[in-house]
Amino acid sequence: MSSSKIDVRYVAKLARIALTDDEVATYGAQLENLLEHVAALEQLPVGDVAPTAQVIPARNVARDDVPQPSLARDVVLAGAPQSQGAYFRVPRIIAEAE
Amino acid sequence: MNGQTYEAVIGIECHVELRTETKMFCGCRNVFGAEPNTNVCPVCLGMPGALPVPNRVALEHTIRAGLAFAAEIPAYSKFDRKNYFYPDMPKDYQISQYDMPITSGGVVEYVLDDGTRKSCRLTRIHLEEDTGKSTHGGSSDGRIAGSAFSLVDFNRAGVPLMECVSEPDIRSAAEAVAFLEALKRTFVALGVSDVKMEEGSLRCDANVSIRPAGATEYGTKTEIKNMNSFRSVFRAIESEIARQEAILRDGGRIVQETRGWDEVTGTTHSMRSKEEAHDYRYFPDPDLTPIELTPAEIDRMRPRAEDLPQHMLAVLVAENVPVKRAHQIVDDAGLAAFYRSVAAKTKAPAATANFLLADPARLANESGTPVHEGLSERAAVELIQLVAAGTIGSKTLKAVLERVWGTGESPAEIVEREGLAQVSDRGAVEAYVRDVLAAQGKSVADYRAGKTNVLQFLKGQVMKTSGGKADPVLVEELLKESLSATP
Amino acid sequence: MRRTAASIARSVGRGEAGAAEITEEILALSERANPSVGAYLTITADLARAHARRVDERVAAGESLPLAGVPLAVKDNMCLTGTRTTCASKILADWTAPYTATAVQRLLDAGAIPIGKTNLDEFAMGSSCENSALGVTRNPWDLERVPGGSSGGSVAAVAAGMAAIATGSDTGGSIREPAAFCGVVGFKPTYGRISRYGLIAFASSLDQIGPISLTVEDSALAYDVMAGKDPFDATSVDLVADATAPALRDDLKGVRVGIVREFDLAGLDADVRACYEAAYKDLERLGAELVEVSLPTADYGVATYYLIAPAECSSNLARFDGVRYGLRVDGPDVGAMYEATRAAGFGPEVKRRILIGTHALSSGYYDAYYVRAQKARTLVAADFARAFEACDAIACPSAASAAFRFNAKSDPYSMYLMDYYTIPMSLAGLPALSVPCGYVQPPDASRPLPLGLQLTAPAFAERALLGIAHAYEAGTRHAAQMEPAGLAEVGA
């Protein structure tokens, strides 16, 4: 954690948020300011400490393999920004998935 | 062009949909072929405020699958979020396992048709959720390229998935298929999955590279996708090995890329992929608790060795059942169980296997009734013993089999009652042979003069004289003896 | 005269008043006051009347309902079937929830009447309610000031008498700080006590639902109804939640209250400092023994929180992509659609947190930021564990000041510092609440503004915590001294 620099454009791409040039500059400055404050964490002696995996320890929480009611399709599609017949519809996908 | 010999180095990565009543993190039904977007809920649609709760049976299935291949089940494992955007991803992150999977290591053993024993190590089997399914519209061939829009069905989103990753221990396309069949065989036997590629419950990719024979460093590998059956896995890997060899022989270099198999043209083509590596930003999923198991809990889930197909295969092969037949038996759970109980009584494993896979299998195919339902255990045992004792020949066997198929009747009783037993007594058959030879002087002379095909006629005569009951094998043997003896 | 939930439930339960008539009064008051106070984004009048009718039927049939007829305000980041559920964001401005959050359902089953969905900082990110994209909420004590955040609408609704109980959510202080600003009780239980199913997630390992009310007793009643294991939330704890309402005490004899050395009051404004010093003295007067405790890592709380919370939120908010629900801004391809939708749908604070969170998780930064922050979190929890060896509860300010004016904090980081006192308890998952502890009137204020005392206890010690808070409240009666000055102005 040596730098308070953040590549806002790269991160915005990862997060799928379009930003204007002004926003890149403004957010960049604000977030670098935050990272400067965050740099204080470098002083904490965390060496041997385990990261908090869970706030309240519990293990193996699981559910039985028993069906529960699903949502009705008309309810599901009613909230869809765009649907076609029984499906959700989206604009064309350009790149292949991973 | 060089004359170098190359060896192929292959690793397989496959995704296996688990057989459970419900999805991985919600209670929607896990069933293939339902009407689109009918098995969905706030959780598997990634709606605001929804939370995942893991399916206990899916966890157990995966642990048992790992144990079946001698994988290690760690005391602690967890779920992680794999973050990326795609329209069939309801949350735009997939709940998966990154650095602490629920099983690690393991080895898959398999036998090739020629009896060669091989094995391939597993890196891991981990648990994750499946994505929804998209179809693409507005293009001529339904592919993504050239499409104008996509339609998404989330029925499959959230179905539990085992991701099985192998080490690159596989050395040929045939081995790759044998490896996959071994996986399938075990998963089906354990009841953890149907493993049907055509229904999408098994999807696999292959990593293929080649290197000079004897080299230790790996060559550049390509990832092959879009194989829809075991046969296309075979063809695709062979095609890719040949393609890479041709390039290297020509002095070229292999480009590391993803290639899609085209079933129609029988070739792989480079997939238009963005070369930027995905930054999945894995982190432990805070909505889920870790999986912590004691050795005792793990032991309770351990499959018994005798329930595993590897075990049965080894037993069959050791008892001289041909490898292909052994696979056929083991691959059919009902038949395998039936075989086991019958062979236990006949104490003749090879004969039992050969018998069950011949006429009874044919009848099962024709009638649509499985062998173990068409035949009672007792009937199978008796038929095998009757043949072994020489009491009936193949023709009678077929006839009696058809008689008892679907009934509970006893073949031994029928044979006895109807006098179907063939005559195998040497003396009795000799008597028939003598009678026929005596009556067929011309044929005998013909035979001795060189017309050996007369033998079949004479044989027929002996069978007729005996009312069809003489053991045809013995008849032929005695005829030949008598005919070659000097008069 | 604002009525408590306890008194309403008693009246309705005894048949002295009907849920229907109380509901009409509250709806009328809310319609009058909401244009100025802006507590509600949506007033669910038809739903309220339907529930009120049902409650009256159930009471008449002899059912005993702990919250019979109690008007309830639901923070608009909690799903309630059939209601617009927006998180105060353009990206969900027209989304109707198809299911109800477990905690909300339990309140409704107990007889509460859903009056409306309250305003908040967008996606619960903020400390003033100014980050709402859909409305402005004003502090009923001074309409020129913020109600606090993110549960600003919920606390304003209770402060203005537009509801007796409100649900809030608290991730780094979003129940406690606004409760302090609006002179009400705000309670965040131990992480895992109340189901998060149906609470639209901001930071999964920190979010908790909690009640907001006029009195400690009311919060105890609501908590008792909401708490308990939910099979739909794997992080909800499987521990029997002992009822807290019957255990409320009136004095603090034998109670050791820790005062945190690092939370030195010297840096606060003089009148604020005086108020807290008086509060500590009141604790002693009521019988408590004050002990000094130390939380050496408290100062690192804000930095730790502002790595962990954004990291988790960057993942939780990825689902808002225009595909299945909510706002869609079309594009020539799905990638462009994602980017345009999220650019148009999210406000600046939400974008900032998604960006910093994505950065903290990204390759090359994950260990230095996210993992390190999770280690710091372990240290914070350990500090509290050590402190609780010497005391039964810790007392400190809920916020460093009273409510500030709109636009007073233009720099994001200065707003983050409003959570200084409340973040450490969130990081450790501890139960904590704010209870009114007095008033100040800063030079630029025309009327008194409330302050809140924060009390926190060990994990799962809700019973003890609410008992101590009740004793303090009974022994000081600050909230009873006056009503918000704005009430007359807004017709409440």
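The values are calculated or read from the model by the stated rules, or taken from the named source; none is laboratory data. Quantities reported herein were computed from a predicted structural model and do not represent experimental measurements. Glycine gets a Cβ as well: all are built from the backbone with ideal geometry, and neighbour counts include every protein chain shown. Heads up: the accessible areas ignore ligands, DNA and RNA and are worked out on the full protein's heavy atoms, side chains in. Shrake-Rupley method; radii C 1.70, N 1.55, O 1.52, S 1.80 Å.
Quick notes
- Angle in degrees between helix A:21-38 and the longest Cα principal axis of chain A, rounded to the nearest 10: 60 degrees
- Between A and C, accessible area buried - total, square angstrom, nearest 100, 1.4 angstrom probe: 4800 Å²
- Full-extension gain in nm, residue B:145 to residue B:301, via 0.36 nm per residue minus C-alpha separation: 51.6 nm
- The fraction of accessible area contributed by carbon and sulfur in region C:372-458 is 53 percent, rounded to a whole number (1.4 Å probe; ligands and nucleic acids excluded).
- Positions from region A:14-36 whose accessible area shrinks by 40 Å² or more when the full protein complex is built, not the chain alone, probe 1.4 Å: A:14, A:15, A:16, A:17, A:18, A:27, A:30, A:31, A:34, A:35
- Of all segments of chain B bounded by trypsin sites (Lys or Arg not before Pro) found in a DSSP loop with no more than 15 other C-beta atoms within 10 Å, the longest spans B:1-142.
- Prolate/oblate/rounded label for region B:6-297 (Cα gyration tensor, a/c 1.5): oblate
- With pairing defined as another cysteine C-beta under 4.7 Å, the cysteines of chain B that fail it are B:26, B:28, B:41, B:44, B:120, B:164.
- 0 to 90° range, to nearest 10: angle between helix B:454-465 axis and chain B longest Cα axis: 80 degrees
- Look at where the Cα atoms of region C:278-307 and of region C:343-420 average out, and the two centres are 17 Å apart.
- Its Cα centre serving as origin, region B:426-484 has a Cβ charge dipole (Lys and Arg +1, Asp and Glu -1) of approximately 160 debye.
- Taking the square roots of five times each eigenvalue of the Cα gyration tensor of region C:339-472, the equivalent ellipsoid has semi-axes of 31, 26, 12 Å, listed largest first.
- Of the residues A:31, A:6, A:18, the one whose Cα sits farthest toward the positive end of the charge dipole of region A:1-44, with +1 on the Cβ of Lys and Arg and -1 on the Cβ of Asp and Glu, is A:18.
- Percent accessible area from carbon and sulfur atoms, chain A, protein chains only, probe 1.4 Å: 50 percent
- Surface composition of region B:426-484: carbon plus sulfur atoms contribute 53% of the solvent-accessible area (1.4 Å probe, protein chains only, all chains present).
- Set B:347/B:395; B:196/B:345; C:188/C:253; B:345/B:398 screened for pairs whose C-alpha atoms are more than 30 Å apart: B:196/B:345
- Computed label-point distance, nm, for sites residue C:417 and residue C:240 using a 7 Å Cα→Cβ extension: 4.8 nm
- Among the trypsin sites (Lys or Arg not before Pro) within region C:251-353, those in coil by DSSP and having at most 14 neighbouring Cβ atoms inside 10 Å are C:253, C:261.
- Cleavage-rule hits (GluC sites (Glu not before Pro)) in region B:19-82: DSSP loop, at most 12 neighbouring Cβ within 10 angstrom: none
- Karplus-derived 3J(HN,Hα), 6.51/-1.76/1.60, for each residue of region C:23-31, Hz, glycine and proline x: 4, 4, 4, 5, 4, 5, 4, 5, 4
- Mean residue ellipticity at 222 nm, helices only, chain C: -11500 deg cm²/dmol; runs of at least 4 DSSP H residues each add -39,500 (n - 2.57), and the sum is divided by the number of residues.
- Inter-part distance where region A:3-18 and region C:30-72 are each reduced to a Cα centre, Å: 45 Å
- Counting only residues at least eight positions apart within a chain, or on another chain, the lysines with an alpha carbon under 21 Å from that of residue B:451 are B:442, B:459, B:480.
- About its Cα centre, the dipole of chain C is roughly 460 debye, where the only charges are +1 on Lys and Arg Cβ and -1 on Asp and Glu Cβ.
- Overall shape: prolate for region C:223-371, with the ratio a/c of the largest to smallest alpha carbon gyration tensor axis at 1.5 or above and a/b above b/c.
- Projecting the Cα positions of B:342, B:367, B:47 onto the charge dipole of the protein assembly as shown (unit charges on Cβ atoms of Lys, Arg, Asp and Glu, taken about the Cα centre) puts B:367 furthest along the positive direction.
- Region A:42-75 and region B:161-229: distance between their alpha carbon centers, rounded to Å: 32 Å
- Cα shape, the protein assembly as shown, gyration tensor, a/c 1.5 rule: prolate
- For chain C, the solvent-accessible area with a 1.4 angstrom probe is 29 square angstrom per residue.
- Per-residue [θ]222 nm for chain A (sum of -39500 (n - 2.57) over DSSP H runs n ≥ 4, rounded to 500): -9500 deg cm²/dmol
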